[in-house]
């Protein structure tokens, strides 16, 4: 009985591995050549990292408030932990969750209600502490996640509730746009988890993709429909 089960299991596994190999070969042919080894990621683009398009101000960000009519009101302000700022002639404002343009418009309205006539206000994000990353692929909860302060690859995957059962932990890719050019580097998450490789830092606007293991998926696809048969074999032998 054990011989039959082991032999049947080996046949199923071999079929799954064969299918995975064929799938990988087809993908390589479709792309013309194997993917070259990734180069180390460059540091983030300061312009992109500080104030990307549609960036929303977050707690602990550092911003420049520029009031063109009154240089005395022009100052650098830290957004507090609750997402608020305090300005002369304006008072306390909710800054978190607003784009620089939205916050500038709000301050303009408040100043217009005092003795300023047609004030012109600009907001410049000087230091973006609260930013967002995208975690995709074979993770439990793919999506866009805010990061606060220093964040590593392990922490980024943990934000998405970890890799799922079909993840290929040896191929986790970080994509980063620098100077309008996209760069990528592949990391071995297992190696990082075991302390054999450093845990790379991720930055705002990075995209992390946990790739799919074709072998795991094919084993599931082959064994899934055959599960009733596998469990029935011992009963038939008896």
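The values are calculated or read from the model by the stated rules, or taken from the named source; none is laboratory data. This structure is a prediction, so every number in the text was calculated from the model and none was measured. Counting neighbours? That spans all protein chains shown, and the Cβs are built from the backbone with ideal geometry, glycine included.
Give 92, 132 a once-over and let me know the one that is exposed (fewer than 14 other Cβ atoms within 10 Å of the Cβ) and either part of a strand (DSSP E or B) or within 21 Å of the chain's Cα centre (by Cα) (or both).
Step by step, each of 92, 132 is checked, and only 92 is exposed (fewer than 14 other Cβ atoms within 10 Å of the Cβ) and either part of a strand (DSSP E or B) or within 21 Å of the chain's Cα centre (by Cα) (or both).
Here is a list: 178, 157. Which entry is modelled with pLDDT of 95 or more and surrounded by 14 or more Cβ atoms within 10 Å (Cβ to Cβ)?
Only one candidate passes the filter, namely 157.
For segment 105-129, how many residues meet the condition of being assigned to a helix (DSSP H, G or I) and surrounded by fewer than 20 Cβ atoms within 10 Å (Cβ to Cβ)?
6
In segment 70-87, which residues are farther than 15 Å from residue 126 by Cα, touching a strand residue (DSSP E or B) at 6+ places or on another chain (Cβ under 9 Å) and in a loop (DSSP other than H, G, I, E, B)?
Within segment 70-87, 82, 83 qualify.
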